[in-house]
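Participant: Questions regarding the structure given below will be posed in turn.
The values are calculated or read from the model by the stated rules, or taken from the named source; none is laboratory data. From a predicted model like this one, the values you see are computed outputs, not experimental measurements. Every residue, glycine as well, gets a Cβ built from its backbone with ideal geometry; the counts of neighbours run over all protein chains shown.
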Amino acid sequence: MPYFDHNATTPLSAAARAAWLQAQEEAWQNPASPHRAGARVKALLERERGRLAELLGGGEENLVFTSGATEGANAVMAHLAAHSAPTARVFINPTEHSCVRAAAERWFHGRVEWLPIDPDGLVASDALDERLHAGGAALVAVMAANNETGVVQPISALVAACARHRVPMLCDAVQWLGKLPAAELASADFLLAAAHKFGGPKGVGFLRLPAGAPARGFSFITGGGQQGGRRAGTEDYPAVAALVAALTEAEMALARGESAPRLTWRDRYEHSLLPAIPGARIVGGGAGRLWNTVMAVFPQGANHRWLNKLDKRGFAVGTSAACTAAQGSSSQVLAALGFSPAEAQRAVRFSGGWATTEADWSALLAAVIEVRNEIAATELA
Ligand code: PLP
């Protein structure tokens, strides 16, 4: 079944599966155990931390393995709320994933300010600069790439603006990692990741803390003293090994230039879709976007109809963020971009992956046009 919902989750990559199976067979012991087998797993775990740091551009002592990005977002917000002035505010990009938005609302209740964005959802560094000028900010949060639209933010410029005002920057790298080079996010202070978005298993991710002072004393979940006291709970070495294997595999594909043809296939799909369905719009179409993502707002048909009809034809697609869609809520991202609730109800997200072929995109196009004709016929009748 052609799978076009990779931004919700990806299949386990071959490298991740092999690494997980091997680790589960040969290195399943508790890394905190005092015997040699435990010490060996601890050494393997630290080796993976080092490998991950290399992929990210340094600083293994700042990497904390977590259950995913949601945990990381809550950990950062909770830590900063406890260690900053009671009046300190956080500045958030309004198209953030709900894990960042909700964590900010919870830990900085009443002290969350939304950053201005352009019609594609881009945060401008000069606008950020202006906002930070007044002082009193504990954190800025801007994601590297949007899960619904694929829009890529100018992270380096935004980090530079934060650095000028000595405000840490939290970057949700969930959708960027595995699709664009990890090292390009080296300058962000806090980094969030979830392995299942780049071919790793679910339930494992990492948080990168900034080098130096803010990382000291960082602790969210208390209990055992694992990971230098920063995150209690027995480390899942097989999951970590799979995470690093998946990211390494994706980085190698990127280094071989394998994203370039995939961007061409995605662009070809959009260029054929727009004239075939007059009135259809690509969300964030004016900005640079991930090579795998298309968020289209169609002129007719509620998105659940599109989804069901495409599903029946064998295509798995998405609407908004999977967690939002599952609650029956409409997209907060589209609302932030100024789309009306009626328009948001006609939005469909197509997200390919490394295994998606040119033929898959062509078959999707044919199916979308067929569905559009079916919907047009029923809506006119
Ligand atoms: N951030 C983004 C951009 C996402 O797409 C997701 C997943 O939907 C998350 C954060 C949360 O990831 P997880 O549910 O694995 O914690």
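Participant: For Thr66, are the conditions met, namely being of a type in the set (Ser, Thr, Tyr) and within 22 Å of Cys162 (Cβ to Cβ)?
Facilitator: In short, no.
Participant: Based on what the data block shows, is Leu191 in a strand (DSSP E or B), over 23 Å from Arg349 (Cβ atoms) and more than 10 Å from the ligand (Cβ to nearest atom)?
Facilitator: yes
Participant: Can you say whether Arg166 is among the basic types (Lys, Arg) and either assigned to a helix (DSSP H, G or I) or closer than 17 Å to Gly205 by Cα (or both), as far as the supplied structure shows?
Facilitator: No, not satisfied.
Participant: Related question: What residue, among those in region 331-358 that are charged (D, E, K, R) and under 22 Å from Asn308 (Cα atoms), is surrounded by the fewest Cβ atoms within 10 Å (Cβ to Cβ)?
Facilitator: Glu343
Participant: For Arg266, indicate whether it is surrounded by 17 or more Cβ atoms within 10 Å (Cβ to Cβ) and more than 16 Å from Asn292 (Cβ to Cβ).
Facilitator: So Arg266 fails the test.
Participant: Residue by residue through region 118-160, note down the ones that are within 13 Å of the ligand (Cβ to nearest atom) and either among the polar types (S, T, N, Q) or under 24 Å from Leu209 (Cβ atoms) (or both).
Facilitator: Across region 118-160, the qualifying residues are Ala141, Val142, Met143, Ala144, Ala145, Asn146, Asn147, Thr149, Val152, Gln153.
Participant: Do we have Gly72 as in the same structural domain as Ile221 (by TED's automatic domain parsing), closer than 23 Å to Ser219 by Cβ and either away from the ligand (no atom under 16 Å from the Cβ) or of a type in the set (Phe, Trp, Tyr) (or both) here?
Facilitator: Criteria not met by Gly72.
Participant: Still on this structure, please answer the following. Which one of these is under 21 Å from Gly225 (Cα atoms), surrounded by fewer than 21 Cβ atoms within 10 Å (Cβ to Cβ) and within 18 Å of the chain's Cα centre (by Cα): Ser67, Ser33?
Facilitator: Ser67
Participant: Can you give me the number of residues within region 70-91 that are surrounded by fewer than 20 Cβ atoms within 10 Å (Cβ to Cβ), free of Cβ contacts under 8 Å to residues at least 60 places away in the same chain and not small (Gly, Ala, Ser)?
Facilitator: Qualifying residue count for the region: 2.
Participant: So if I check each of Ala127, Ala145, Ala102, which one is crowded, with 23+ Cβ neighbours inside 10 Å, more than 14 Å from Phe190 (Cα to Cα) and of a type in the set (A, V, I, L, M)?
Facilitator: On inspection, the qualifying residue turns out to be Ala145.
Participant: Could you list, in sequence order, the residues of region 124-140 that are in contact with a helix residue (DSSP H, G or I) (Cβ under 6 Å, 6 or more places away or on another chain), assigned to a strand (DSSP E or B) and free of Cβ contacts under 8 Å to residues at least 60 places away in the same chain?
Facilitator: Ala138, Val140
Participant: Let me confirm something: among Leu21, Leu56, which residue is under 16 Å from Ala245 (Cβ atoms), exposed (fewer than 14 other Cβ atoms within 10 Å of the Cβ) and not charged (D, E, K, R)?
Facilitator: Leu21
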